[in-house]
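Below: the structure, in structure tokens.
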């Protein structure tokens with residue numbers, strides 16, 4: 001059975017937890033890393049979220065992917081492939097670590113740019129954070145055991161925010 005969608009209030013410790021995860025990954029990947037970004041709702045102050053840190057690890061080139069996969073395996077990460085999002089590679093996180101999602105992509109990846117655009121817009125617009133949190137809470141109650149429906153139902157809001165962010169409004 002799929003675990004229920006549970007949202008919690010923003011935890012001011014999430015950035016610190018991200019930093020711990022980032023430092024561990026950066027230490028093993030070394031010069032392959034361009035940047036490691038905290039993305040998703042846990043990266044947005046005041047936003048309700050599933051208490052799972054999302055990390056986008058940006059590497060200089062897709063040519064570095066096999067080496068990144070091998071190095072991450074030394075920490076216990078298991079490569080899952082792109083899971084349907086071209087150019088963004090997902091990993092199963094090691095046992096006994098903080099709950100998190102780790103993705104590897106290059107700096108040209110569209111999904112990475114969407115993550116940053118969305119995060120930065122919401123960080124600058126707290127009124128939208130409140131609206132997003134309320135929407136997520138309502139959807140989590142409505143689709144408690146259906147993650148696909150929960151995610152699809154957020155699409156219209158996310159698209160609107162990305163359009164506003166791209167327009168600079």
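FYI, it's all coordinate maths here, none of it is from the lab. This structure is a prediction, so every number in the text was calculated from the model and none was measured. Note that each Cβ is placed from the backbone with ideal geometry, even for glycine, and that neighbours are counted across all protein chains shown.
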Under the helix-only model (-39500 (n - 2.57) for each DSSP H run of 4 or more, divided by the residues of the chain), the mean residue ellipticity at 222 nm, to 500 deg cm²/dmol, is -15000 deg cm²/dmol
Under the definition of Cα pairs under 8 Å and six or more residues apart, what whole-number percent is the relative contact order of the stretch 1-66?
-> 38 percent
Virtual paramagnetic centre 7 Å along Cα→Cβ of residue 135, amide N under 13 Å, in the stretch 1-21 = none
Label selected from [x] 158; [y] 195; [z] 119, the criterion being volume of the Cα convex hull per residue in Å³ as computed here | [z]
Length-normalised contact order for the stretch 14-167 - Cα pairs under 8 Å, 6+ apart - percent | 20 percent
Stretch gain in nm, segment residue 9-residue 159, where the contour uses 0.36 nm per residue and the Cα spacing is subtracted | 51.7 nm
Which stretch or stretches of the stretch 98-128 have amide N atoms under 20 Å from the point lying 7 Å from residue 2's Cα along the Cα→Cβ direction?
-> 100-102
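What is the fewest-to-most order of 31, 82 by other Cβ atoms lying within 10 Å of their Cβ?
31, 82
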Length released on extending from residue 107 to residue 127, taking residue separation times 0.36 nm less the Cα-Cα span | 4.2 nm
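Once the piece of chain linking residue 62 and residue 142 is laid out straight, how much longer is it, given 0.36 nm per residue of separation minus the C-alpha distance between them?
Here the answer is 24.9 nm.
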